[in-house]
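Input: a single structure, listed below in structure tokens.
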Amino acid sequence: MPDVHDENDPRPLPPPGSGHFDYAGNQGLLVEQDTLLEPDPAKREEARSLWGDAWRDLRRRPIFLISAALIVLLLIIAIFPGLFTNANPRQSDLVHNYLRKPDWTDFFGAGWFGYDGQGRSIYARVLYGARASITVGLTVTLAVTLLGGLAGMLAGYFGGWADAVLSRIVDIFFGIPLLLGALVLLNAFTVRTVWTVAFALAFLGWTQIARVMRGAVLTVKQADYVVAGKALGAGTSRLMLRHILPNAIAPVIVVATIALGGYITAEATLSFLGIGLQDPTISWGVDISSAQKVIRTASFVLFFPAAALSLTVLAFIMLGDAVRDALDPKLR
Amino acid sequence: MTPNGASAIGTTVPEEVAFQQEVPKGEPILEVRDLVKYFPLTKGILFRKQVGAVKAVDGVSFDLMQGETLGIVGESGCGKSTLAKVLMNLEAATAGSVRYKGEEISRLVFQDPYTSLNPRMTVGDIIGEPYEIHPEVAPKGERRKAVQDLLDVVGLNPEYINRYPHQFSGGQRQRIGIARGLALKPEIIICDEPVSALDVSVQAQVINLLEQLQSEFNLSYMFIAHDLSIVRHISDRVGVMYLGKIVEIGTDLEIYDHATHPYTQALLSAVPVPDPAARADRDRIVLVGDVPSPANPPSGCRFRTRCWKAQPKCAEEVPALMARDWLRDLAVHDSACHFAAEREVDLEK
């Protein structure tokens with residue numbers, strides 16, 4: 001085949017004498033020269049792939065840059081909260097600090113965001129609370145995306161019995177309200193940590209992703225390009241990973257990033273109900289729930305942990321949006 | 001479902017045959033005998049019970065010769081695409097045999113170039129995928145060059161290798177599909193309505209490309225379409241399908257000018273005539289009724305419910321696909337009608 005290509009090359013030959021390999025206008029050499037003197041620019045360009053292109057595109061998207069910067073900042077806060085404040089989040093001073101209003105002149109000081117009902121620095125608590133909230137949010141989201149994605153992919157791809165069994169399991173889990181189920185489940189644990197809460201939420205939450213994934217896979221599976229891959233002899237893993245997954249992942253990314261915020265709030269709700277994280281643990285959820293008691297007298301106590309939660313959710317939703325768009329070549 | 005694996009329809013050829021390349025021109029390269037594909041109709045959710053079958057392809061036999069183009073025409077739902085899928089081993093045949101001579105490599109070119117290319121793969125990845133699946137064909141370092149050569153062969157700029165399918169027009173996308181089909185150097189290409197989704201002007205370009213590739217690489221085509229004019233243009237022989245069976249098969253001249261099966265005659269009379277003056281004169285055969293359900297086809301001749309020649313014999317006896325001894329000249333070709341005869345009216349007057 002390559003031989004045919006050279007003979008029928010539609011590109012015009014350079015005029016005789018234009019190259020330094022021209023021996024008396026020999027035709028054969030001229031053809032040789034054509035490739036020697038004018039190397040196709042595309043031939044030296046790197047071969048590209050979807051993920052490489054997506055990354056190249058992401059780096060130029062302001063939304064991605066902003067959300068990524070926010071997430072990096074949040075992660076640094078979660079890992080090293082002590083870098084940002086000297087205040088101790090557990091130190092109470094009811095005499096001087098009971099529900100003291102924010103002091104805006106004290107930038108990054110202990111009283112910057114005010115003090116809560118126990119006389120503790122809200123600024124320090126927001127910083128130290130990031131670890132528990134982000135851990136729960138990220139762990140649960142990762143777990144449900146992997147578990148739900150896998151279940152949805154298997155159910156959608158194989159159909160038949162696999163689909164029937166998996167879909168019924170999904171239906172059963174779907175019938176259990178997330179909070180009620182988590183209440184029952186967490187009651188079984190005597191000590192409740194970030195990980196038990198994350199486990200309970202992931203255990204009950206994966207069905208949502210599984211449904212979305214199954215639906216997307218069912219649509220994509222019908223596409224001619226999947227049949228084409230099959231006709232070429234592609235194996236199941238190649239069809240799933242190269243053809244179906246990239247085309248079915250977009251709705252999953254959207255649902256997962258929105259759900260991430262939901263899981264952080266679910267953790268907050270569970271804490272509020274007294275079944276999630278307990279008071280020595282610092283989390284935005286614990287603080288939001290305890291702030292509700294004083295919302296009329298001191299709304300700032302609720303405002304700061306709630307704002308931190310919203311900002312985190314926003315950052316992840318923006319990231320999800322940017323990644324989804326970057327993975328669709330049509331939107332680039 | 002590997003194309004090289006053993007299968008029920010006997011596409012696996014013995015080793016010594018597999019290495020005997022270069023089937024001489026005019027010899028059959030693909031032999032299809034009594035091919036049957038039924039899709040079961042089931043009832044019940046938990047305990048499935050087969051209540052019938054859609055007889056999509058029901059006893060199809062033909063030979064595809066080396067270097068020839070065999071057109072398969074028929075209306076929607078007559079089993080053309082199912083036939084292609086069974087030949088490509090994408091569906092397992094219910095019965096019958098498909099035998100490839102020489103190297104068993106056939107490739108499919110799809111109907112809709114908008115859905116047959118993965119929108120999230122670059123053109124280089126799409127055309128190069130056959131090499132990734134069959135790495136023995138092209139070593140890793142040469143794949144990029146091979147892909148660019150293929151792009152060049154189908155008339156696309158080799159620099160397009162990093163573009164995505166949506167950046168191309170329908171005709172260019174179909175060229176990409178053809179390049180993918182050519183990657184493994186097949187001997188047979190099965191084209192399932194390759195131009196029906198394209199503009200008429202682009203259709204001609206793609207057809208010309210297919211013809212040019214055929215002479216360059218000595219390909220054999222099975223060309224499935226419902227557009228009779230295009231099939232006539234590209235095909236050496238033409239088979240007409242109705243309800244899962246081939247009702248008439250012969251050279252393009254035999255089929256188009258000397259059709260003996262009433263269904264073929266009706267089909268040909270429906271071809272649009274570009275000349276308005278001639279349009280008034282032509283003698284259209286308008287078939288009454290709908291195509292019967294392939295789940296419950298008529299007894300005997302399947303066309304009898306819509307045929308103006310139908311006799312009691314047609315309901316009792318399935319007409320064989322053969323040349324009838326009362327026919328003369330070009331009318332002597334395989335036709336599955338008890339009363340095969342050329343039409344009296346000249347279709348092209």
What are the pairs, 6+ residues apart or on separate chains, where a residue within segment A:197-219 that is aromatic (Phe, Trp, Tyr) has its Cβ under 7 Å from a residue that is outside any helix (DSSP H, G or I)? none
Among the candidates A:Asp287, A:Asp325, A:Asp224, residue that is in contact with a Pro (Cβ under 6 Å, 6 or more places away or on another chain) and at pLDDT 85 or above: A:Asp287
Consider segment A:54-83. How many of its residues are of a type outside the set (Lys, Arg) and surrounded by fewer than 17 Cβ atoms within 10 Å (Cβ to Cβ)? 14
Of all the residues that make up segment A:302-321, how many are of a type in the set (Gly, Ala, Ser) and in contact with a Leu (Cβ under 6 Å, 6 or more places away or on another chain)? 1
Within segment B:28-45, identify whether any single residue is farther than 17 Å from B:Ile190 by Cα, modelled with pLDDT under 80 and hydroxyl-bearing (Ser, Thr, Tyr), and answer yes or no. no
If you go through segment B:284-305 one residue at a time, how many are basic (Lys, Arg) and at pLDDT 90 or above? 2
So if I check each of A:Gly205, A:Gly215, which one is assigned by TED's automatic domain parsing to the domain that holds A:Ile275, over 27 Å from B:Thr115 (Cβ atoms) and either at pLDDT 90 or above or among the basic types (Lys, Arg) (or both)? A:Gly205
If you check A:Lys293 against the conditions, is it over 24 Å from the mean Cα position of the chain (by Cα), open to solvent by 40 Å² or more (accessible area, probe 1.4 Å), within 9 Å of chain B (Cβ to nearest Cβ) and modelled with pLDDT under 90? no
Subset of segment A:236-282 (residues that are surrounded by fewer than 21 Cβ atoms within 10 Å (Cβ to Cβ), more than 17 Å from the chain's Cα centre (by Cα), more than 14 Å from chain B (Cβ to nearest Cβ) and more than 22 Å from A:Phe203 (Cβ to Cβ)): A:Asp279, A:Pro280
Return the residue satisfying two criteria in turn: it lies in segment A:101-124 and is small (Gly, Ala, Ser) and open to solvent by less than 30 Å² (accessible area, probe 1.4 Å), and of such residues it is nearest to A:Leu309 (Cα to Cα). A:Ala124
Can you tell me which residue within segment B:127-154, out of those that are among the β-branched types (Val, Ile, Thr) and more than 8 Å from chain A (Cβ to nearest Cβ), is farthest from B:Cys191 (Cα to Cα)? B:Val137
For residues in segment A:296-332 being of a type outside the set (A, V, I, L, M), more than 30 Å from B:Pro165 (Cβ to Cβ) and open to solvent by 40 Å² or more (accessible area, probe 1.4 Å), which is farthest from the other protein chains (Cβ to nearest Cβ)? A:Thr297
Looking at segment B:118-125, is at least one residue under 24 Å from B:Met88 (Cα atoms), part of a helix (DSSP H, G or I) and in contact with a Ser or Thr (Cβ under 6 Å, 6 or more places away or on another chain)? no
Going through segment B:173-218 in order, the residues found to be crowded, with 18+ Cβ neighbours inside 10 Å and free of Cβ contacts under 8 Å to residues at least 24 places away in the same chain are none
Could you say whether any residue in segment A:124-137 is under 30 Å from A:Pro329 (Cα atoms) and either at pLDDT 90 or above or aliphatic (A, V, I, L, M) (or both)? yes
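The values are calculated or read from the model by the stated rules, or taken from the named source; none is laboratory data. Small disclaimer: the values here were computed from a predicted structure and weren't measured. Quick reminder, even Gly has a Cβ in these numbers, built from the backbone with ideal geometry, and neighbours come from all protein chains shown. Remember, those area values only see protein heavy atoms, side chains included, never the ligands or the DNA or RNA. Shrake-Rupley method; radii C 1.70, N 1.55, O 1.52, S 1.80 Å.
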